[in-house]
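Down below is the structure, laid out as structure tokens.
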Amino acid sequence: MAQTITSPAAPAVATPTSKEPWYRVLYIQVLIAIALGILVGWLYPEWGKSFKWMGDGFIALIKMMIAPIIFCTIVHGIASIGDLKKVGRVGLKALIYFEVVSSVALLVGILVGEIVQPGAGFGADVSKLDAKAVEGYASKAASDSTVAHLLGIIPKSFFDAFATGDLLQVLLISILTGVVLTGMGERGAGITRGIDAVGQMFFRIIGLIVKLAPIGAFGAMAFTVGQYGIGKVIDLAWLVGTFYATSLLFIFVVLGGIAAFAGFSIIKFLAYIKDELLIVLGTSSSETVLPHMMTKMKRLGASDSVVGLVIPTGYSFNLDGTNIYMTLTTLFLAQAVGADLTVGQYATIFLVAMLTSKGASGVTGAGFITLAATLAAIPGNPVPVAAMTLVLGVDKFMSECRALTNLIGNGVATIVVSRWEGELDKEKLAQVMAHPVSIGTDISDHAPNMDDAVAPSPTAAAGPR
């Protein structure tokens with residue numbers, strides 16, 4: 001019989017007690033770094049491009065920790081529940097939520113594309129498009145068939161998943177490990193406690209790495225502006241602006257409505273995770289803040305088990321920003337080359353985009369590959385993959401918005417599923433939402449894990465009542 005590992009009573013939320021100088025606050029450092037990166041890339045493009053290694057290095061440091069952190073949190077989350085029926089119930093609720101909201105995101109992209117018509121009058125000549133510029137993305141998309149996609153979830157070995165960092169592979173071995181430990185009784189409980197301790201160590205390492213976020217944000221932004229230039233954005237400003245406006249519409253209307261139903265304000269939630277949003281803005285990757293998001297969602301009142309399951313799986317199955325991007329950009333390209341899509345082709349775009357978005361884990365460029373796969377699958381090939389060259393220059397600028405929307409969507413999903421499961425601490429949620437900026441800043445600056453994110457209440461300190 002599996003032994004359930006119970007946690008002590010949830011500690012009370014503590015408001016920040018220290019006031020640091022403004023120049024030591026992480027989000028201010030990141031904001032300054034982004035502004036400096038834009039200036040350097042704009043005024044000195046060649047010099048700006050030379051800072052690419054800073055952004056790449058920071059993302060590499062974060063990515064080396066993602067696989068082990070996901071493994072530890074999912075395994076501990078499943079084993080701590082101690083009830084496989086509950087694990088299945090939470091997982092099913094999360095997947096239902098992901099698919100419903102992802103479908104809404106795809107439909108929002110289609111509706112806005114049809115109403116705004118961002119590609120109308122573009123008049124691109126298909127015969128003059130340079131397919132070589134997107135050959136790499138097209139070849140990767142062509143090799144990612146449904147069967148290949150499913151088989152790709154299985155790693156070559158248990159440890160190969162950690163070596164490659166494939167999130168879907170890590171999810172698979174994490175779920176299998178957690179399920180087995182649940183049935184091992186006291187022996188499994190001991191292993192689970194060890195995995196939890198190792199996970200806390202990894203979180204502390206991430207806490208050190210994140211302090212380098214301003215350097216990474218500066219390097220990534222300087223390179224992006226230096227490489228592609230602000231002129232590229234101006235040339236396709238209507239598409240970029242439409243995409244950002246659509247994402248904002250989705251965040252404040254769709255996610256905002258869901259958040260209100262769950263008992264919190266989307267505006268206060270955004271203020272609470274402002275540090276993570278700025279880091280993602282600078283690096284174009286939502287993976288860079290995955291561990292900190294898990295800490296903040298626990299602090300917000302979501303249960304450990306739900307956070308451990310929903311956040312990591314959401315990085316592969318709940319990509320709202322990527323979904324909006326794929327349908328909206330597909331319609332833009334169709335309009336730009338003068339293609340009239342049929343109802344059947346619209347349906348194909350919707351279904352293929354739903355499938356290809358799975359596994360696009362927030363890494364820069366993943367959305368572009370899934371776009372290539374979607375275009376290649378449309379019956380009759382009305383929009384050639386070569387048409388992607390029209391948006392190649394501005395894709396990097398839209399990548400930031402994709403990652404930001406994905407991050408916000410996963411945060412909201414965690415709170416909703418936790419409430420759906422009846423494990424949302426509404427008192428903690430209310431207390432944090434009363435001071436979202438100060439508490440959010442305090443966690444980002446001081447707390448690399450959940451233990452440091454909360455302060456014990458007098459009652460908890462005195463022992464059980």
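The values are calculated or read from the model by the stated rules, or taken from the named source; none is laboratory data. Since the model is a prediction, treat every value here as computed from it, not as a measurement. In this analysis, Cβ positions are derived from the backbone assuming ideal geometry, glycine residues included, and neighbour counts consider all displayed protein chains. Just the protein is used for accessible areas: all its heavy atoms, side chains included, with ligands, DNA and RNA removed. Shrake-Rupley method; radii C 1.70, N 1.55, O 1.52, S 1.80 Å.
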Q: Principal axes first, then extents: for the Cα atoms of the stretch 281-338, list largest minus smallest coordinate on each axis, whole Å, largest first.
A: 50, 24, 16
Q. What does the highest-first list of 425-434, 403-412 look like by mean Cβ count within 10 Å?
A. 403-412, 425-434
**Q.** Alpha carbon Rg of the stretch 232-288, scaled by the compact-globule rule 2.2 N^0.38 Å
**A.** 1.34
(Q) Please report the carbon-and-sulfur percent of the accessible area for the stretch 227-312; probe 1.4 Å, protein heavy atoms only, DNA, RNA and ligands left out. (A) 73
Q: Heads up, I need the accessible area for residue 175: 1.4 angstrom probe, whole protein in place, Å², nearest 10.
A: 80
**Q.** Spread of Cα-to-Cα distances over 5 Å intervals beginning at zero, given as percent, for the stretch 68-111
**A.** 5, 20, 16, 18, 15, 10, 9, 6, 1
Q. So how many Å³ per residue does the convex hull of the Cα atoms of the stretch 183-269 work out to?
A. 208
Q: Leaving ligands, DNA and RNA out of it, report the carbon-plus-sulfur percent of the accessible area of the stretch 53-125 at a 1.4 Å probe.
A: 72
Q: Any chance you could run the full-extension gain for residue 426 through residue 268? It's 0.36 nm times the residue separation minus the Cα-Cα distance, nm to one decimal.
A: 55.4 nm
(Q) Taking the solvent-accessible surface of protein heavy atoms with a 1.4 Å probe, what is the per residue accessible area of the stretch 202-287 in Å²? (A) 37
